Amino acid sequence: MISLQHVSKRYGSSLAVDDLSLEIERGEFCCLIGPSGCGKSTTLRVINRLVEPSSGTILVHGHDVRLARPEVLRRSMGYVIQSVGLFPHMTVQENIGVVPRLLNWDKARIRRRAWELLELLALPPDEYAGKYPWQLSGGEAQRVGVARALAANPDILLMDEPFGALDPVTREHLQTELARLQQELRKTIVFVTHDIEEAVRLASRMALMREGRLVQHDTPEELLAHPADSFARSFVGADRGLKRLSRLFVRDFIQPAPAVGLNDSPERANSLFRIDRRLPSLWVTGNGGKLLGWMNRPENGNPEHPIESLVPVDLRSFPLAPDLTLKQALSTFIRFGVETLPVIDQQGRLLGQLSLPILLEA
Ligand SMILES: Nc1ncnc2c1ncn2[C@@H]1O[C@H](COP(=O)(O)OP(=O)(O)O)[C@@H](O)[C@H]1O
Ligand SMILES: [Mg+2]
């Protein structure tokens, strides 16, 4: 899909990129990673010819990019950068429509596409289409930047530290959204970051660079488990076991959860407590299996009604969603100091539970 062959870029006497060869397959999420100044952005920019290489060849879909007109090439790839670069005097909808307008799409089609993308990026179109960039938060502006890059439905997305300027919480949100988006859209993405956590989270393959050269090109699992040399080892860090948790998802570790309905009889709760004598509590569900909270094992062994002994939980922060990573789950375990957490779907229905020992074994 994208093939870099012996690419070098010289600035004066120094090499920003030094004889770099890299193959990126269709549908891959390739993270270019490495310390600041190692040549990541330069490598990204030779792909859409924002930078002309000093030597080497770049093929996209098997075609030499030197034979394409730069503006045509750039329109065929989405490009997202840290500072977004939204046009301040254009509305969100107009910003998203920039490339489609260049491609002479008609107005109705541009509007449809903008609305579809705003929905995809969780920005209600009615509310956001007419806003100006200054009316957006950093995270919202970055989402619009991604929508704009996707507007003409390019196969390839080039992203240069797109979330670098965001606060950690917003950043994690956008990472989750991008991962979901990629599951759905299967673009070929080249994503520059110096943040190993971000790369491990998102990448299907990582290209680790140092001083313009490629050190290792591997899946995150391989890179974390078998760093190629001492530089790679120090770059992935000593806590790489913990980082691997970012590659694993709650949905794959769910176990059945012992639960009673809010209107179940005390006898039903007690029979569950009798079946498992070490069970400290039962989840309590309401209408349609929606999680409400839990009830503790009665101390005196007397039957209790779930309605009376319900301990309600904060459903926004306590339960886990199946698409969270185990790393995110671990921080919820630590925050609440519990050994098991319920897992709920988007409608709030109890799907099962995750236990801390299971997580730590992973
Ligand atoms: N336009 C330029 N002129 C001169 N030197 C540059 C230019 N762009 C990048 N460099 C140099 O090339 C090296 C790689 O830069 P860059 O690709 O931006 O690194 P990264 O994105 O990994 O931080 C750096 O030493 C940088 O100073
Ligand atoms: Mg850079």
(request) Distance from a point 7 Å along Cα→Cβ of Ser54 to each backbone N in region 3-23: keep the residues under 20 Å and list them by number. (result) 4-22
(request) Please work out the FRET efficiency for the pair Gln5 and Leu315, using the Cβ-Cβ distance as r and a Förster radius of 56 Å; give the result to the nearest 0.05. (result) 0.60
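Could you state the accessible area per residue of the chain in Å², with a 1.4 Å probe and every protein chain left in place?
Spelled out: the 1.4 Å probe surface of the chain, per residue, equals 49 Å².
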(message) Running a GNM on the chain with Cα contacts under 10 Å, which residue among Asp18, Asp218, Asp167 ends up with the highest mean-square fluctuation?
(response) Asp167
(request) Mind giving me the nanometre distance, one decimal, between the label points for Glu222 and Ala165, set 7 Å out from Cα along Cα→Cβ? (result) 3.6
(message) Given an 8 Å cut-off on Cα distances and at least 6 residues of separation, report the relative contact order of region 251-361 as a percent.
(response) 29
(request) Note down the Stokes-Einstein diffusion coefficient of the chain in µm²/s, whole number, using a Kirkwood radius over alpha carbon pairs, 37 °C, and 0.692 mPa s. (result) 142
(message) With angles folded into 0 to 90 degrees, how steeply does helix 326-336 sit against the dominant principal axis of the chain? Use alpha carbons for both and round to 10.
(response) 40
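Suppose every Lys and Arg Cβ carries +1 and every Asp and Glu Cβ carries -1, with no other charges. What dipole size does the chain come out with about its Cα centre, to the nearest 20 debye?
Magnitude of the dipole: close to 820 debye.
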(message) Let's see if you can work this out: charge +1 on each Lys and Arg Cβ, -1 on each Asp and Glu Cβ, no other charges. What is the dipole magnitude of region 251-361 about its Cα centre, in debye to the nearest 20?
(response) 120
(request) Report, in degrees rounded to the nearest 10, the 0 to 90 angle that the Cα long axis of helix 266-275 makes with the longest principal axis of the chain. (result) 70
(request) May I ask you to list the GluC sites (Glu not before Pro) in region 1-57 that are in a DSSP loop and have at most 15 other Cβ atoms within 10 Å of their Cβ? (result) Glu25
(message) Expected output is a single nm value to one decimal: the length gained when fully extending between Phe336 and Glu116, i.e. 0.36 nm times separation in residues minus the C-alpha distance. What is it?
(response) 75.4 nm
(request) Compare the Cα positions of Leu117, Pro100, Leu15 along the charge dipole of region 1-146 (+1 at Cβ of Lys, Arg; -1 at Cβ of Asp, Glu; about the Cα centre) and return the one farthest towards the positive end. (result) Pro100
(message) Whole angstrom only: what separates the Cα centroid of region 121-149 from the Cα centroid of region 20-52?
(response) 27
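Take every Cα pair under 8 Å in the chain that's 6+ residues apart, average their separations, divide by the length, and report that relative contact order as a whole percent.
Rounded, it is 16 percent for the chain.
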(message) Assuming 0.36 nm per residue, please report the length gained on full extension of the stretch Asp323 to Arg278 beyond their Cα-Cα distance.
(response) 13.3 nm
(request) Could you tally the net charge around Gln255, taking each other residue with its Cβ under 14 Å from the Cβ of Gln255, Lys/Arg +1 and Asp/Glu -1? (result) -3
(message) So, R0 is 35 Å and r is the distance between the beta-carbons of Arg240 and Ser21; what FRET efficiency does that work out to, to 0.05?
(response) 0.85
(request) Would you mind checking the tilt of helix 138-150 against the longest principal axis of the Cα atoms of the chain, expressed as 0 to 90 degrees and rounded to 10? (result) 60
(request) Leaving ligands, DNA and RNA out of it, report the carbon-plus-sulfur percent of the accessible area of the chain at a 1.4 Å probe. (result) 50
(message) To check you understand DSSP bridge types, tell me what percent of the beta bridges within region 2-238 (both residues inside) are antiparallel, rounded to 5.
(response) 50
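The values are calculated or read from the model by the stated rules, or taken from the named source; none is laboratory data. What you see is a predicted model, and the numbers here were worked out from it, not measured in a lab. Cβ sites come from the backbone with ideal geometry, for glycine too, and all protein chains shown count toward neighbours. Just so you know, the surface numbers come from the protein's heavy atoms only, side chains and all, with ligands and any DNA or RNA stripped out. Shrake-Rupley method; radii C 1.70, N 1.55, O 1.52, S 1.80 Å.
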